[in-house]
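Encoded as structure tokens, here's the structure I'll be asking about.
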Amino acid sequence: MKNKYLILGAAALLMISSCVDLDVDVKSNYTSYPENEIAQEALATDCYFAHRARYVGFYSGYIGLMEMTGGAAVAVSFSGDYYDEGPRMRATLHKTLPQDYCVDWYSDIQGGITKCNKALMSLESGDGEISKTAAQIRAVRAFYHWMLMDAFGDTPILDPLYDDDEAVERAPRKDVTEWIVDELTTVMDKLPVELNNANYGKPTRWMAQALLAKIYLNWNVYTCGDVTKYDENASNPKLNDCIAA
């Protein structure tokens, strides 16, 4: 029993003495996000995954909306005569409702932009230098903005993070288009050129060039303000830029 009390007393003295000197270097925790490549890669992965289901899903994503409203595909029902109140037919007839599969992905892509912004805040450096990882995240963030602008026209430019009670205003389609171009040209030289396993599924310089070419090719539509007043005979001032890209 005495030995038990002696052990407890020694432990108490040790705790007291160990709590006196608190002026020690913190070496077991990071006070800022690590700069090593593995840590940054882990941070960026979720940004790239944000559009995975909503871009390629034919009946429930961006491609489905483009194909069915453009006449490349006509859908009335799914396999097994799955009519489901006609959401696919409405897309073909340009009578889409907010709850239909092919348009209810807006918030998912907007959530992907928010993930990009949070990641970029963690990667900010005081010297203003853009790392390869930050450049890739900014490129995919620009791509997400393009998806929303291309499909819906006016959409917010979500560059900073907004507070929960802060109003998020839609920006004109022209402003969004110009912002996307500025983002891509800013990070272009920081994007990787090599097409290898390490860059598979991530933004490269060629991805940015391809997106710029697509934007320049459709410049008059994206910047006209009102597509019902689009002048199909107007000259495109960005054709040379499109060729260069």
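Just to be sure I understand, how many residues within the range 169-203 are without any contact (Cβ under 8 Å) to a residue 24 or more places away in the chain and β-branched (Val, Ile, Thr)?
Residues flagged as without any contact (Cβ under 8 Å) to a residue 24 or more places away in the chain and β-branched (Val, Ile, Thr) within the range 169-203 amount to 1.
Just the residues that are open to solvent by 20 Å² or more (accessible area, probe 1.4 Å) and either modelled with pLDDT of 80 or more or farther than 18 Å from residue 146 by Cβ (or both), please, taken from the range 54-72.
The answer is 58, 59, 60, 63, 66, 67, 69, 70, 71, 72.
Which of the residues belonging to the range 168-191 are surrounded by fewer than 16 Cβ atoms within 10 Å (Cβ to Cβ) and part of a loop (DSSP other than H, G, I, E, B)?
Once the filter is applied, which keeps residues that are surrounded by fewer than 16 Cβ atoms within 10 Å (Cβ to Cβ) and part of a loop (DSSP other than H, G, I, E, B), the range 168-191 yields 168, 169, 170, 172.
Out of everything in the range 94-116 that is of a type in the set (S, T, N, Q) and assigned to a loop (DSSP other than H, G, I, E, B), what residue ends up being surrounded by the most Cβ atoms within 10 Å (Cβ to Cβ)?
Applying the filter and picking the extreme gives 96.
Contact list please: Cβ distance under 7 Å, first residue in the range 100-115 and more than 11 Å from residue 147 (Cα to Cα), second residue open to solvent by 30 Å² or more (accessible area, probe 1.4 Å) and of a type in the set (Lys, Arg), pairs at least six apart or on different chains.
From residues that are more than 11 Å from residue 147 (Cα to Cα), the pairs are 100/90; 108/54.
A further question on this structure: Please find, among 91, 135, 151, 119, the residue that is under 30 Å from residue 70 (Cα atoms) and open to solvent by less than 10 Å² (accessible area, probe 1.4 Å).
91
What do you reckon, is residue 194 part of a helix (DSSP H, G or I) and out of contact with any Lys or Arg (no Cβ under 8 Å at 6 or more places or on another chain)?
no
Residue-wise test of (1) closer than 30 Å to residue 46 by Cβ; (2) hydrophobic (A, V, I, L, M, F, W, C); (3) out of contact with any strand residue (DSSP E or B) (no Cβ under 8 Å at 6 or more places or on another chain).
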position: 173; (1), (2), (3): yes, no, no
position: 177; (1), (2), (3): yes, no, yes
position: 181; (1), (2), (3): yes, yes, yes
position: 191; (1), (2), (3): yes, yes, yes
position: 210; (1), (2), (3): yes, yes, yes
position: 218; (1), (2), (3): yes, no, yes
position: 229; (1), (2), (3): no, no, yes
position: 242; (1), (2), (3): no, yes, yes
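Within the range 150-160, track down each residue that is more than 14 Å from residue 112 (Cβ to Cβ) and in contact with a strand residue (DSSP E or B) (Cβ under 7 Å, 6 or more places away or on another chain).
154, 157
I want to confirm something. Restricting to the range 122-132 and keeping residues that are of a type in the set (Gly, Ala, Ser) and surrounded by 13 or more Cβ atoms within 10 Å (Cβ to Cβ), which single residue is modelled with the highest pLDDT?
By that ranking, first place goes to 131.
Out of the residues in the range 154-167 that are within 12 Å of the chain's Cα centre (by Cα) and at pLDDT below 95, state the one that is surrounded by the most Cβ atoms within 10 Å (Cβ to Cβ).
158
For the range 206-229, name all the residues that are of a type outside the set (A, V, I, L, M, F, W, C), part of a loop (DSSP other than H, G, I, E, B) and surrounded by 12 or more Cβ atoms within 10 Å (Cβ to Cβ).
Passing the criteria: 218, 223, 225.
The values are calculated or read from the model by the stated rules, or taken from the named source; none is laboratory data. Bear in mind the structure is a predicted one, so any value in this text is a computation, not a measurement. Using ideal geometry, Cβ is built from the backbone for each residue, glycine included, and neighbour counts are taken over all protein chains shown. For the accessible areas, the whole protein counts, side chains as well, though only heavy atoms, and no ligand, DNA or RNA atoms are used. Shrake-Rupley method; radii C 1.70, N 1.55, O 1.52, S 1.80 Å.
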